[in-house]
Structures are given as structure tokens and as C-alpha cells.
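The values are calculated or read from the model by the stated rules, or taken from the named source; none is laboratory data. Since this is a predicted model, take the numbers as computed values, not measurements. No Cβ is skipped: glycine too gets one built from the backbone with ideal geometry, and neighbour counts run over all protein chains shown. Accessible surface is based on the protein model in full, side chains and every heavy atom, while ligands, DNA and RNA are left aside. Shrake-Rupley method; radii C 1.70, N 1.55, O 1.52, S 1.80 Å.
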Amino acid sequence: MKRNFKIQMLYVLLTMLLLAGCQNDTEEELVEEATTAVERVDVKWLAPDDHPVVQLLYSRGYERGTIYETDEHFLAPPDLLYSKDINDYDLSDNGSNAEQAYNTGKLVSLNRMRINVFLDNSIGTDLQTQSVNAMNELNGINNCALFFVRVFNANQAQITIRSDFGAESNNVLGRAGFPSNGRPFDTVTLNVDRLDDFGADIRRNTIIHELGHCVGLRHTDWQANRERSAVNIPGTSANDTGSIMWHTINGGTPFTNGDLTAFRALFPRALRIDVVNEIDDYDYSGEIYVLDNVFVDVFTDGSYSTQTTLNRNVNVSYRINVQEYNHTSGTYYYSRNRTLTAGNNRYYIDDEEEECSPYQGETCTRQDLEIRLATSIL
Ligand SMILES: [Zn+2]
């Protein structure tokens, strides 16, 4: 394999440098030459049993000896990445729900349907093209609100697609993880060398599959794979072998009818907050009163270009953050839930208020409303 060859070359180079060092080079020169010669290599090793995330993965059904670790992630079969930060996990989710296709509460929130994707140079130009094709296929599903946008600045990205830097064996083409806190998983790794062996459609479909994980889709055949914690999407089948989310990658057109049903059910519409100033008044003492009504507008997708009616019932969990003007209560928040019933293109959610007396040196009471998770009711 090309990768093995490169790694061997690296050892040869390093050995030569070390040998050269024994003869005449100074240590400083050696270090400099070594950094220019070394390309990034993701090494992996067996994950330690006593790490809290590894223990959690065992408790969710992974077998001992199957979890590997790199500098950035844990690697679990067949193609999943897990954050090393235990705070990214909902520990109350005991995985007792059964059936197919997505993980309870682990979806990208409907107010985050615009997803910026950065294509790292390490995947090469052809896989960058296939990544754009993958995003276009997903953007092209009508009545699905996901809207992937390529960005050229890694700092603006919610998802970065990069090489595995040689970490994967031949049977893993790509890897990704699941959302947390309504945000997509932030990394897709591609087995660049191995993907060289396949045609354009497999290369593109691998990327679609991994992006599917990033927004919350599980394997269609998760039960056969002995994976846990998945929830059924009505209208899909665990025997849909042509599905883009089958654990092995298919060639040809990416989506089966079951896939289209799944994407449309999970991501029917994009939501966006609109704050409307209703009362803005001063009284004679200089007290300021501001009342803002908070609405949610409904769009066809995360480009927010076409407003439309909500086509499924949606649960919205939101949080009102409060800063008291007199600081007796300081900063606090309270959480609320709302069900938006299908049929409208604009929904009143709650109000925000602001009140203060600048002449008495007060800082304004300030509130803002933040959607934490908005998911379609299946
Ligand atoms: Zn997968």
C-alpha cells in the first residue's frame, strides 16, 4: 500500500537522519530537518479500560478490545468516532430504546440546519470534489432542511473532513460520530489511500454516509451489528440493504426510499428565531421598558431563503437567560418546552424583557431566548 510505503520511507528518512547525526550534524539541525520530513501520522492504540468514556461505551454494548484511541478520539466499530470528553455524553440515556435509525436526543437541532463544512487539503482534490457532490446530494433532498455549505476557513466550520493519516485498516473507509447538544459531530475522517481503490460513487457515498452520522443517523442495520440506543423512524426498514446508512457502503445512486423518508422525518424544516420589539418606553423618571416578542419562522432549509409551513409537529426546548438589573439574583436561566403543531409558518414562542433606570446607575435587566433543541416528533 502507498501509505505503508510512505511510513516505511519515513522510518528510512528518520534512520538516515539519526545516522547522519551520529556522524556530523548538530542536534539543532537534526530537529529542523526532522520536522520538515515528517508528515502527520495518526497512530492508534487500544483504549484504556478505565477511561470513563470507554467504560460508558462498554456499558452501551461495545466489547472489550474493540475500542481504539487516537490523539483526538476513541474509535469504535464499525466506523464511529467518539469524543474523549465525558461531558459530551448524556449519561441518563441508558440505551434501552430499541428499533432503527437514530439516537434519542442526538440529532442536529432544527435551528441549526445550515452546516458549514471545511474540506481539509489532506483528503486531496478528488475527495474534495466528491465531498461537494455528497453535500449537493443531501441538499437536493426536497422536504429535508439540511443545508451543507462548503467553507474555506476551518474556524467557520461545524464539520471538518480530513484524512485518517494512515490510522485505519483496509476495512474502514470513513469514520464519524454523533451530534451532542443539538450540534453536528465535528469531524469526518476518510481512509484516503483505501478510497483510491474505489470509483467515484463509492467515494461520494462514503462521505454522505459519514455526514449522515454527523447529523444523527444511525446504521439501518444497527441491530444486526449489535449496536444499541437507536430509535425507529416510521416508514423505514431494518432490511433496507441499499440504504446509504447500511454499515457497509453501496455504489450507485445514494438514497433508497427509506433513506428519503428518514431524512425528511428527522429534518423536515429549518427554524429561525425572530425577535420583534413590542414596547419600548421611557417614563418620567428615566426608567426604560422594553418588551420583545420572540417568534420562530419556518423555512424550507438552512439557506433560509424560502419561508413555508411546518409540515410535522416539532418539540422545542428553549432556555431564557436572565441578567437581573440589581444583581441580587445575578445571572440565571429557566428552561421551557413547547410543541409547535404543524400548519403555520410563524410561531410565537415567548417574550423577553428589559427594564432599568440608568439615572439611578442601574444596569438593565436583560433576557435572551436560546433554542437548545428542536426536533421533529416521529
Ligand atoms: Zn457508519
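Give me the number: length gained by fully extending V41 to R150, i.e. 0.36 nm times residue separation minus the C-alpha to C-alpha distance, one decimal in nm.
36.7 nm is the gain from fully extending V41 to R150.
DSSP loop (so not H, G, I, E, B), at most 15 other Cβ within 10 Å: list which trypsin sites (Lys or Arg not before Pro) in region 160-248 pass both filters.
The qualifying sites are R226.
Within region 49-64, whose backbone N sits under 18 Å from a point 7 Å along Cα→Cβ of K84?
Label zone hits: 49-58.
What order, most packed first, do the peptides 234-241, 72-79 have when packing is the mean number of other Cβ atoms within 10 Å of each residue?
Result, highest mean first: 72-79, 234-241.
What's the FRET efficiency of D50 with N225 using the Cβ-Cβ distance as r and R₀ = 35 Å, to the nearest 0.05? Present the calculation step by step, with values, prior to reporting the outcome.
Working: r = 26 Å, r/R0 = 0.74.
Approximately 0.85, to the nearest 0.05.
Taking the highest mean first, how do the peptides 343-350, 149-156, 114-121 order by number of other beta carbon atoms within 10 angstrom per residue?
114-121, 343-350, 149-156
Given the Cα-Cα distance of S237 and Y334 and 0.36 nm per residue of separation, how much length would full extension add, in nm?
31.0 nm
For region 121-200, with all protein chains present and a 1.4 Å probe, just round the carbon and sulfur fraction of the accessible area to a whole percent.
Here carbon and sulfur together make up 41 percent of the probe-accessible area.
For region 187-202, take each phi angle, set θ = phi - 60°, evaluate the Karplus expression 6.51 cos²θ - 1.76 cosθ + 1.60, and give the result in whole Hz per residue in order, putting x for glycine and proline.
9, 10, 10, 10, 7, 4, 5, 5, 5, 4, 7, 10, x, 4, 5, 5
Among 297-304, 44-51, how do they line up by average Cβ neighbours within 10 Å per residue, starting with the highest?
297-304, 44-51
Just to verify a number: FRET efficiency for E63 and I279, C-beta to C-beta distance, R0 = 56 Å, to 0.05?
That pair, E63 with I279, gives E of 0.40.
Would you mind getting me the FRET efficiency between D201 and N315? Use the beta-carbon distance for r and R0 = 45 Å, nearest 0.05.
0.80
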